[in-house]
Structures are given as structure tokens and as C-alpha cells.
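What follows is a short report on a single structure.
Throughout, read-outs are computed from the coordinates displayed, never taken from laboratory work. Being a predicted model, the structure only gives us computed values, none of them experimental. Cβ placement follows ideal geometry from the backbone for every residue including glycine, while neighbour counts extend to all protein chains displayed.
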Amino acid sequence: MSLILVIEDDADINVAIQEVLREDGYRCAAALNGNEGFRLLVEEEPDLVLLDLALPGMTGLEFLAHKAAVSAVGQVPVIVLTALVRVPKLDNIVAVLRKPFDLDALVELVRQFAPAEETRMA
């Protein structure tokens with residue numbers, strides 16, 4: 001089962017994302033700021049990160065810069081969740097989802113980059 005790291009400072013949005021992902025078979029780790037998100041990234045080594053760019057403490061862009069510098073997690077794909085009109089083109093951002101977004105659309109996007117269940121051998 002894939003682990004998705006949700007880094008979103010709006011607690012209600014964070015919880016809603018986790019709920020729909022868990023219903024779809026994902027495990028979730030969550031943070032409300034960039035510093036905590038980076039700690040979880042290194043400790044948990046998730047399969048995919050959902051990242052808000054406007055975070056307290058370490059911003060999403062700072063998070064991405066730190067992530068790129070750590071070889072163990074540098075290649076973990078990131079889906080950016082943002083209300084910003086322009087998002088800089090950065091390595092390992094596999095998609096950008098504009099806020100406000102539909103939770104079903106988010107789940108469909110997550111499925112593209114992280115399987116909900118591990119493939120079982122026959």
C-alpha cells in the first residue's frame with residue numbers, strides 16, 4: 001500500500017485529503033507546515049508528496065530545494081496543491097492541482113503516480 005505525505009497548512013483540507021485517500025486504499029502521513037513535512041519525508045520515505053506551496057515556516061519552494069539535496073528522497077514525486085497562478089518548473093513536480101480542487105480529481109491524479117495497493121504475486 002502506497003504512503004502519501006500530505007503537507008497542507010489548512011487543517012480541514014489536510015484532513016479531507018487524508019480521508020479520501022484512505023478510503024481509496026492509501027496510507028497517509030500528514031504535516032501542517034514545511035518543517036514537519038520535511039522531517040516526515042526523511043523519516044517515512046513516502047511514495048508521493050502532496051505539497052502546498054504557501055506553508056508556514058519552511059515554504060513549499062524551500063521544502064523542494066531541501067528535498068532535492070537529500071539523495072534518499074530527492075526522487076520522490078510531488079504533486080503541488082496551490083492557488084498560485086504561476087508555479088516555477090522544478091524537478092520532481094509531476095503535476096500541479098489548482099485550489100480550489102475537487103477531491104475526486106485529486107484521487108485520480110494520485111492514482112497516476114502511486115498505486116493504491118501493492119501488486120500481489122500469483
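Among 67, 99, sorting on how many other beta-carbon atoms sit within 10 Å of each Cβ, with the fewest leading, yields 99, 67.
What full-extension length gain, to one decimal in nm, is calculated for residue 97 and residue 65 as 0.36 nm per residue of separation minus the Cα-Cα distance?
On the way: separation 32, 0.36 × 32 = 11.52 nm, distance 1.97 nm.
Additional length available on full extension: 9.5 nm.
Can you compute the FRET efficiency between residue 86 and residue 112 using 1/(1 + (r/R0)^6), with r the Cβ-Cβ distance and R0 = 22 Å? Round to the nearest 0.05. Efficiency, from the Cβ-Cβ distance: 0.45.
Karplus-based coupling profile of the stretch 28-38, in residue order and whole Hz: 10, 10, 9, 9, 9, 8, x, 5, 5, x, 5, with θ = phi - 60° in 6.51 cos²θ - 1.76 cosθ + 1.60 and x standing for Gly or Pro. Here is the size of the chain from its Cα atoms: Rg then Dmax, 13.4, 47 Å.
Ignoring the sites themselves, the chain has its longest run without GluC sites (Glu not before Pro) in a DSSP loop having at most 14 other Cβ atoms within 10 Å at 1-116.
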